[in-house]
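Participant: To start, I am sharing the structure in question, which I have written as structure tokens.
The values are calculated or read from the model by the stated rules, or taken from the named source; none is laboratory data. Being a predicted model, the structure only gives us computed values, none of them experimental. Glycine gets a Cβ as well: all are built from the backbone with ideal geometry, and neighbour counts include every protein chain shown.
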Amino acid sequence: MAKANCPLPTSNLSEILDKYKQSPGSLLEILREAQAINGYLSREVLQLIAEELGIPESKVYGVATFYSLFKTTPTGQYIIRICESAPCHIRGAQDVLATIEKTLGIKPGETTPDGKFSLEFTSCLGLCGVAPAMMINDQVFGNLTGDRVREIINSF
Amino acid sequence: MEMVKVTVDGQTVEVPKGSTILAAAKKAGIKIPTLCHHEDLNVNAMCRICVVEVVGARTLQAACSQPVSDGMVIITNSPAVRQARKMNLELLLSNHPQDCLNCVRNQRCELQTLADQLGVQQQRFGTKTRPEYPKDDSAAALVRDPDKCILCRRCVEVCHDVQSVGAIAPANRGIKTQILPAGGVDLNNVACVQCGQCTLVCPVGALYEQDHTERVWAALADPEKHVVVQTAPAIRVSIGEEFGMEPGQVTTGQLVAALRRLGFDRVFDTDFTADLTIIEEGHELIDRLNNGGVLPMITSCSPGWIKFIEHFYPEYLDHLSTCKSPQQMFGALAKTYYAEKAGLDPKDIYVVSIMPCTAKKFECGRPEMSSTGYPDVDAVLTTRELGKMLRQAGIVFSELPEEQYDEPFGITTGAGVIFGASGGVMEAALRTVYEVVTNETLPSVDFTAVRGIEGIKEAEVDLKGTKVKVAVANGLGNARKLMDLIKEGKADYQFIEIMCCPGGCIGGGGQPIPTTNEIRKKRIEAIYEADADLPLRKSHENPAVKTLYEEFLDKPLGEKSHQLLHTHYTKRNKYPQKSVG
Amino acid sequence: MAIYRSHVLVCGGTPCLLKGARTIRNLFQQEINRYQMADEIRVVETGCLGPCDEGPVVIIYPEGVMYSRLQPTDIPKIVEHHLYKGRVVEELVYRERKDSKEISSKVPLEGEKYLDRQKRVVLRNCGRINPDLIEEYIANHGYEALGKVLTELRPEQVVEIVTASKLQGRGGAGFPTGLKWSFTAKTQADRKYIVCNADEGEPGTFKDRLIMEGDPHSIIEGMAIAGYAVGAEEGIIYIRGEYHLSIERMARAIRQANEHGLLGKNIFGSGFSFQIEIRSGAGAYICGEETALIESIEGSRGEPRVKPPYPGVAGLWGKPTVVNNVETLANIAPIILNGPEWFRSIGTESSPGTKVFTMLGDINNQGLIEVPMGITLREIVYEVGGGIPGGKGFKMAQTGGTSGGCLPMEFLDMPMDYDTLSKVGSALGSGAMLIIDDTHCIVDVLKSFMKFFCHESCGKCTPCREGNTRLYEILTALSAGTATKAHIQLMKDLARTMQLTALCGLGQSAPNSLITCLRFFADEIEAHLNGKCPTGVCKSLATQFEAV
């Protein structure tokens, strides 16, 4: 379904593969850069990587599904990663989460119907000094409150 | 070898330096319970069942992975050890379906056995904390039941490290960890060769063969059907294990008797078509040698190997002998030659194979394997499934008399028998090719260089001036090595035998559980024992095969042979689901 | 180098950047230009200054005055009054917060307890230099230690010095660093590796991020010295994928070190070569475990390996590998320069040196501090940390992050070092100090801890994969009022089994907090069995109780 909209950008992927092919153990780097092309790692992308590196596709898939920053299905344009670790928890992360859930109408692990936002948990972002904290794509936000998080979401 | 002294539960034992605690305990007469550990595979130490106390250590140690050191004091049976083992087992059980009675591995399950052994008698945890997973029965030969999986990863080890197929691997993380085909799709949609080696190492009922017993029972009960059965060479040296016999016993006669008692109309032997394969394949080799055909020629009896080369080396399919496997040759002849002789309509003949193999279930369903318009073979039972049927029928295997196969497909030679072991096809072929090419009798029929469990074996045979260099590989990891040599142009062989499973068919994915390398060796010995016991040792001396050519086939590689006994192959993708465009 | 009369250090740590530190920096520069003081005053974006929840934070030297919670409108005022006219803008000066209402009237910043109690070894340059300029690091004795070892010391002498310093690994486990180096130094191999573990993921911990952001060269120098000591020529820094700024700053620092001949071939003409590569994670807490980290560098799932063999003997690509934490490596250069005796004079006898703590949770001064080992919990909470906001009571401190343990009031005077904490079932760990006030429910807090481990368990071994979900399940039953006495015993047995049998440190330490709480807060936990949540946090219980 999503495939039709996202043609495989083979040329970019080949560049990435060419860059890393010779250095062993670069699978994570390749996956990270490959994901940047389409926002997720499609089956075709994983197969191409497997083929080029000469490792089984099942292994590439296993690595891609182990790390929480990798996605094997299409996600929203913006991924909201909210920290629910203890320091954020005791500073009210649950209220922030509840506000996000209410504002967007989705639960962690889900994507809004318009494909704009995905919501998920992250482990500690090391922003405990400004807890509760979250990330939206590469951007970090701290000192969250219900109001502030609503404001942030609306600004996207 | 440097030895170290350790104390296990108060007993001092001396073991080689670097031995595991598990080995040291065994020497002290203590069998530490294990679950993820398998003697032929890498040690992962993940289940944490085999933990023991080591005096001075802060935590309990996994006996399967921890090497002993001199003076180590080990306690294998303390309250802490017992409690920890039981707790870890309870944790596994708490996410394992509690339907042992309906499980294919009921009473043959390592988890169930452990639960009994460690005294688990109640379920203290709540409902499942991991997702429910649906059963995957998409593949022709294998069933995955991930709900039952306890994540020991033996299947992954065998699929990647031994077979170099890599169809399944751990995916996801934490409690959601699963052993999955790539992309989380069904097994049928990845390059799985259906060798079933995973089913041999699975401790529970998470991986097993597609059941054909019900359809066989139905055929046996159908008065319209003339049900014939063929037994692969490897069955006669392994079926006894299903009934508690020691590995390595030849039980050909009891096997025949058992099948008769199950109600088969004729009990035949795949060894017969193994002999036939040698005639056809031998002539094909001679033809390729003489007429500049594609070399090296590679054997084609092993369906797991065929699917492997189709997926991973499709550009080398013309190296394969065009001969069908003995199972399929048998089916094709049963529904033509035999039907004619017995005055039966091929549609009424039902062909059952007893195979040490799961991939044979896939092979019999290949579209090109219906040369009469009907499938050559209708059902394939693994050794395990035959064991199950015999138990259901109440047949006490060990007390059966020895009986003889039916004619004409029961007349066989030792060359057919050794098909069951790695190197056997090669040896059988050499016995015939030598005599056909040189017109001389072999001084000795035993080509011991190609025998044994070693992964890759080589030999050179002098056919009176023509030197033929041959190689034999067992296990797909070794097959891959040979294929890569061919790819690099470094293989100067004329003839290669490849068997999918370690040790050859005696180590096949449909064999009794456990099948370990030690057991494989014993079955191999038994195979050569059966060979040596037969009056005829060379395929071209099989009188029934000679008659078959006289009455029906005319000549090797002739028109009828071409039609019934030879086949073609399919180029497959490494990524079967690859989308186009 | 030009001489400036004043330096304006604008905190460039992530929390301050979040609060607009870049705008503040630009405004300072703009205003300084307007007063034509650009030749006299230098604006520097520096590493973390510590009090993260007070950002954006700025320090002006030489006075050492710290301004906090700056708004753009404050900048013209500071430039005019402080930098132009020489008068401190008192209403904007950073105040240690004892209580949110109380504002200290003390002006001299150096006298503030927040900074007063600190002893900066690891953070010696953080907030004092521009991390993006290698010249500033060099000007502060940077790379002197590397020069010293390469020109004056034999590798085994370097190992001896580090061993004599009794430095312990600062990542969590506290393994003696010198001993770790000696294993790798002794192992013969054609290749060896130094891996810097910067996969900081312990909840409540962000010290490594701030060191990387504030003083990246201190890590590079430590790694190069380690490389020389054990005979490794290749280094890898494995940085959490989420730490974008750290990756950027480390990469720049490595480039500069190469340009200055401080990395690369034949450093200082000594014949010793060393290069460093950055690898980054992709979201997996477990990769902080050293063998999981190695698996990840090799491009695999970050699952811990079976030990032995230990990485020191067979690690990355099967070669001898030293894996050291960021903070550990940042200690190396000062030890080389000042000697092991100096290092041992700081802290306690069994745990010498300083420790970087992160203070979080219900505490007035949240942020980062570096103090000598052996400081008490009370000093951290009530002196350095400024007490608990809103006049609430201290309930417990979780030391060492989520894999550490929880200490109640009676341990307030216990010295914080590796030995003492482990004796009571807790840990110094990564140095995270999560302070929890008495309005929180133990069961609720424990649920949050266990949820973390459910999310982060790699799934390889049984006790961790299954056990964490079962502990969470029982805690959930407790907070819902459906647990029984048998559940508490089951939880104890399970927690013990996890400690004893999990494959790696993560699984073994996951139940630590639970075990300590079962010991110290048994009454509160058991109250839940009778349908009562003493703090009223467990909502289903509270209503249930009220209804009765």
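Participant: Are any residues in region B:332-363 in contact (Cβ under 8 Å) with a residue 60 or more places away in the chain and among the small types (Gly, Ala, Ser), and if so, which ones?
Facilitator: Once the filter is applied, which keeps residues that are in contact (Cβ under 8 Å) with a residue 60 or more places away in the chain and among the small types (Gly, Ala, Ser), region B:332-363 yields B:332, B:334, B:342, B:353, B:359.
Participant: Within region C:476-485, track down each residue that is outside any loop (DSSP other than H, G, I, E, B) and either within 28 Å of the chain's Cα centre (by Cα) or of a type in the set (Ser, Thr, Tyr) (or both).
Facilitator: C:476, C:479, listed by residue number.
Participant: Additional query: Filtering region A:22-73 down to residues that are among the basic types (Lys, Arg) and within 7 Å of another protein chain (Cβ to nearest Cβ), which residue is surrounded by the most Cβ atoms within 10 Å (Cβ to Cβ)?
Facilitator: A:59
Participant: Could you look through region C:252-282, keep only residues that are within 14 Å of another protein chain (Cβ to nearest Cβ) and under 23 Å from the mean Cα position of the chain (by Cα), and pick out the one that is nearest to residue C:153 (Cα to Cα)?
Facilitator: Residue satisfying both the conditions and the ranking: C:277.
Participant: Also, quick follow-up: Within region B:56-74, restricting attention to residues that are more than 11 Å from every other protein chain (Cβ to nearest Cβ) and touching a helix residue (DSSP H, G or I) at 6+ places or on another chain (Cβ under 7 Å), which residue is surrounded by the most Cβ atoms within 10 Å (Cβ to Cβ)?
Facilitator: B:63
Participant: While we're looking at this one, here's another question. Starting from region A:140-156, keep only residues that are free of Cβ contacts under 8 Å to residues at least 12 places away in the same chain, then list their pairs with residues that are surrounded by 13 or more Cβ atoms within 10 Å (Cβ to Cβ) and assigned to a loop (DSSP other than H, G, I, E, B) whose Cβ atoms are within a distance under 8 Å, requiring at least 6 positions of separation or different chains.
Facilitator: Short answer, once both residue conditions are applied: A:141/A:133.
Participant: If you don't mind, there's one more thing I want to ask. If you take the residues in region B:75-87 that are facing chain C (nearest Cβ under 10 Å) and not charged (D, E, K, R), which one is surrounded by the fewest Cβ atoms within 10 Å (Cβ to Cβ)?
Facilitator: Among them, the one singled out is B:83.
Participant: Within region C:455-475, is there a residue that is closer than 24 Å to residue A:92 by Cα, buried (at least 20 other Cβ atoms within 10 Å of the Cβ), away from chain B (no Cβ under 14 Å) and in contact with a Ser or Thr (Cβ under 6 Å, 6 or more places away or on another chain)?
Facilitator: No: zero hits.
Participant: Moving to a separate point now. So which helices (runs of 4 or more DSSP H) stay within region C:290-374 end to end and still have 3 or more residues that are more than 12 Å from every other protein chain (Cβ to nearest Cβ)?
Facilitator: C:326-330, C:332-338, C:340-344
Participant: Being assigned to a helix (DSSP H, G or I), among the acidic types (Asp, Glu) and in contact (Cβ under 8 Å) with a residue 40 or more places away in the chain narrows it down to one of C:473, C:524, so name that one.
Facilitator: Among C:473, C:524, only C:524 is assigned to a helix (DSSP H, G or I), among the acidic types (Asp, Glu) and in contact (Cβ under 8 Å) with a residue 40 or more places away in the chain.
Participant: Taking the options A:46, A:28, name whichever one is part of a helix (DSSP H, G or I) and either over 21 Å from residue A:111 (Cβ atoms) or basic (Lys, Arg) (or both).
Facilitator: A:28
Participant: Only one of B:97, B:134 is free of Cβ contacts under 8 Å to residues at least 24 places away in the same chain and either more than 14 Å from every other protein chain (Cβ to nearest Cβ) or assigned to a loop (DSSP other than H, G, I, E, B) (or both). Can you tell me which?
Facilitator: It is B:134.
Participant: Could you go through region A:81-95 and let me know if any residue there is closer than 17 Å to residue A:154 by Cβ and more than 13 Å from chain C (Cβ to nearest Cβ).
Facilitator: The answer is no, given that none of the residues of region A:81-95 is closer than 17 Å to residue A:154 by Cβ and more than 13 Å from chain C (Cβ to nearest Cβ).
Participant: Restricting to strands (runs of 3 or more DSSP E) lying wholly in region B:140-193: which have 2 or more residues that are more than 8 Å from chain A (Cβ to nearest Cβ)?
Facilitator: Filter on region B:140-193 gives B:142-144, B:178-181.
Participant: Does any residue of region A:129-137 turn out to be in a helix (DSSP H, G or I), of a type in the set (A, V, I, L, M) and in contact with a Gly (Cβ under 8 Å, 6 or more places away or on another chain)?
Facilitator: yes
Participant: Shifting gears a bit: Between residues in region B:28-55 that are more than 9 Å from every other protein chain (Cβ to nearest Cβ) and under 12 Å from residue B:75 (Cβ atoms) and residues that are part of a loop (DSSP other than H, G, I, E, B) and among the acidic types (Asp, Glu), which pairs lie under 7 Å by C-beta distance while being six or more apart or on different chains?
Facilitator: These pairs meet every condition: B:28/B:9; B:30/B:9.
Participant: Let me ask something additional. Please go through region C:424-437 and give me each residue that is away from chain A (no Cβ under 12 Å) and of a type outside the set (Gly, Ala, Ser), ordered by number.
Facilitator: Within region C:424-437, C:424, C:428 qualify.
Participant: Shifting gears a bit: Could you please find all residues in region C:301-343 being surrounded by fewer than 18 Cβ atoms within 10 Å (Cβ to Cβ), under 24 Å from residue C:220 (Cβ atoms) and touching a residue at least 60 places away in the same chain (Cβ under 8 Å)?
Facilitator: Correct list: C:317, C:337, C:339.
Participant: Any idea which of A:99, A:122, A:73 is outside the structural domain of residue A:46 (by TED's automatic domain parsing) and more than 27 Å from residue C:362 (Cα to Cα)?
Facilitator: After ruling out the rest, the residue left standing is A:73.
Participant: Turning to a different aspect of this structure: Can you confirm whether region A:3-20 contains a residue that is over 19 Å from the mean Cα position of the chain (by Cα), away from chain B (no Cβ under 12 Å), at pLDDT below 90 and not in a helix (DSSP H, G or I)?
Facilitator: Yes: one or more hits.
Participant: In addition: Out of C:238, C:285, C:243, which single residue is within 12 Å of another protein chain (Cβ to nearest Cβ) and either under 23 Å from residue B:170 (Cα atoms) or among the basic types (Lys, Arg) (or both)?
Facilitator: Within the list C:238, C:285, C:243, the selection yields C:285.
Participant: Take region C:180-196 and flag every residue that is within 14 Å of chain A (Cβ to nearest Cβ) and crowded, with 22+ Cβ neighbours inside 10 Å.
Facilitator: Within region C:180-196, C:193, C:195 qualify.
Participant: Test residue C:253 against the criterion of being over 19 Å from residue C:193 (Cβ atoms) and in the same structural domain as residue C:193 (by TED's automatic domain parsing), and give yes or no.
Facilitator: Considered against the rule, which asks whether it is over 19 Å from residue C:193 (Cβ atoms) and in the same structural domain as residue C:193 (by TED's automatic domain parsing), residue C:253 comes out as yes.
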